[in-house]
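Data first, discussion second: the structure below is written as structure tokens.
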């Protein structure tokens, strides 16, 4: 391997009289593990006074992971994100306390924006390289192949998500010109099993954080006759999730467009955006509640579901209390320089909000909610 070190790992398992010897290669390369120092820039939002910490400096561009799970490691010490500091977009970690950056991957074909932190093992982050699934240790920087999405396949590999116990990874692929598939990878054995195949494009696949259920959508890039679906992890019980079949039950006379769905970790509910109408929360059986009216773009809940972070098309970031619908403006100008998608979400304890910002350049930023200035009512 060019500019790299290959390590052979051997695992011996004894079960009764049976001894299994498993071996696999792990890799460390030249840029992997590089310390990029501290590049943080701290400023106060000119409208709200909220302190915002940007994590990388220009000309590098950084992006966060998708917001339907926490972008933080299981111990909440590190934030995982994508950055092109090394010339190509790779996976990085940043120490939340110090701001120090370390590079975790190197090479072509890595789906850096689709990285997936293990919800239970703080040192482990998964990522795809084409159909192959790898686990990277963010402390010693070794990478191990744990499985692969098998043929037939024509691409279509998107963001993986994990079951709450970290045993199963929900994956998707395009099987052929007409069919798409959701599958589960057993991260202990590396075995893959098909959950469901559909004759339409699948997207937004998300393993439930509380139940053996997978959410997915009929992806059209816009309105779909039935966008949201649930299927049990054993492949049974495929059914529509949010659905309003009668036009007189729609929030407006127009066809509803629901999008940007994300599970709530502790409750197993889901947030959705009803386009141009507001923010909804759905129970496990698909019953919906409009918790905030308005033209919002994305929404993600704190793990307990009591607060949400929202963004809008004007580049503003909001904190919302679910019980009252009250909102507080956190940040402005997120799209002033670069037309980003904020994709904001919380850390695992509900203290920090992380988001993609293009205020002065494209980067990832943090707000410590414990440092919010007091509101000035007069």
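The values are calculated or read from the model by the stated rules, or taken from the named source; none is laboratory data. Just so we're clear, the structure is a prediction, and the values are computed from it rather than from any experiment. A quick note on method: Cβ atoms are made from the backbone with ideal geometry, for glycine too, and the neighbour counts reach across all protein chains shown.
Can you confirm whether the stretch 252-264 contains a residue that is out of contact with any helix residue (DSSP H, G or I) (no Cβ under 8 Å at 6 or more places or on another chain), modelled with pLDDT under 95 and crowded, with 21+ Cβ neighbours inside 10 Å? Yes, that holds for at least one residue.
Looking for something under 22 Å from residue 190 (Cβ atoms), free of Cβ contacts under 8 Å to residues at least 60 places away in the same chain, crowded, with 19+ Cβ neighbours inside 10 Å and under 16 Å from the mean Cα position of the chain (by Cα) - is there at least one such residue anywhere in the stretch 68-88? No.
Just to be sure, is residue 369 more than 20 Å from the chain's Cα centre (by Cα), buried (at least 21 other Cβ atoms within 10 Å of the Cβ) and within 23 Å of residue 40 (Cβ to Cβ)?
For residue 369, the condition - more than 20 Å from the chain's Cα centre (by Cα), buried (at least 21 other Cβ atoms within 10 Å of the Cβ) and within 23 Å of residue 40 (Cβ to Cβ) - is not met.
Only one of the listed residues (317, 334, 329) is under 21 Å from residue 371 (Cα atoms) and touching a residue at least 60 places away in the same chain (Cβ under 8 Å). That residue is 329.
One line per residue, one yes/no per condition, for (1) at pLDDT 95 or above; (2) over 24 Å from residue 271 (Cβ atoms); (3) assigned to a loop (DSSP other than H, G, I, E, B):
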position	(1), (2), (3)
195	yes, no, no
209	yes, no, yes
224	no, no, yes
230	yes, no, no
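Take the conditions (1) in contact with a strand residue (DSSP E or B) (Cβ under 8 Å, 6 or more places away or on another chain); (2) surrounded by fewer than 19 Cβ atoms within 10 Å (Cβ to Cβ); (3) assigned to a loop (DSSP other than H, G, I, E, B); residue 242 misses just one of them, which is (2).
Restricting attention to the stretch 285-305, report how many residues are part of a loop (DSSP other than H, G, I, E, B), farther than 21 Å from residue 224 by Cα and either within 19 Å of the chain's Cα centre (by Cα) or touching a residue at least 24 places away in the same chain (Cβ under 8 Å) (or both).
4
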